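Let me begin by presenting the structure, written as structure tokens, before commenting on it.
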Amino acid sequence: MSYGKDIICNNISSRAQIKKESSKAFLEAFLRILAENAKTKKVKLPKFGTFFNHCSPERLGRNPKTNEEFVIRKRTKILFRASSSPKNILN
């Protein structure tokens with residue numbers, strides 16, 4: 001099961017006993033702050049994990065259907081590494 005923003009907002013509003021509009025604004029602001037800060041430095045959330053910027057190098061890709069090769073451009077992406085607390089809950 002995947003969680004979308006709507007489900008997360010509903011969970012926040014029911015557990016924190018606030019309006020759905022407020023929980024949606026909170027989630028949007030949190031994600032915006034996370035994305036802005038993770039581009040330049042590591043964002044650590046204690047007992048949850050770390051968001052960090054990763055630059056994947058340029059590489060050669062291949063279409064499996066036609067075997068046509070092409071270059072995949074260099075990209076920057078935000079990655080997440082979970083701390084031991086969520087890992088212990090899941091395992």
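Some points to look at:
- Selected residue (criterion: farthest from residue 87 (Cα to Cα)) from residues of region 1-31 that are surrounded by 13 or more Cβ atoms within 10 Å (Cβ to Cβ) and among the β-branched types (Val, Ile, Thr): 18
Condition check ((1) surrounded by 12 or more Cβ atoms within 10 Å (Cβ to Cβ); (2) without any contact (Cβ under 8 Å) to a residue 40 or more places away in the chain; (3) of a type in the set (A, V, I, L, M); (4) assigned to a strand (DSSP E or B)) across all residues:
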| site | (1), (2), (3), (4) |
| --- | --- |
| 33 | no, yes, yes, no |
| 47 | no, yes, no, no |
| 71 | no, yes, yes, yes |
| 76 | no, yes, no, yes |
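Laboratory data are not the source of any read-out in this text; all were calculated from the coordinates shown. Nothing here was measured: the structure is a model prediction, and the numbers come from that model. Here Cβ is always computed from backbone atoms with ideal geometry, including for glycine, and neighbour counts include all displayed protein chains.
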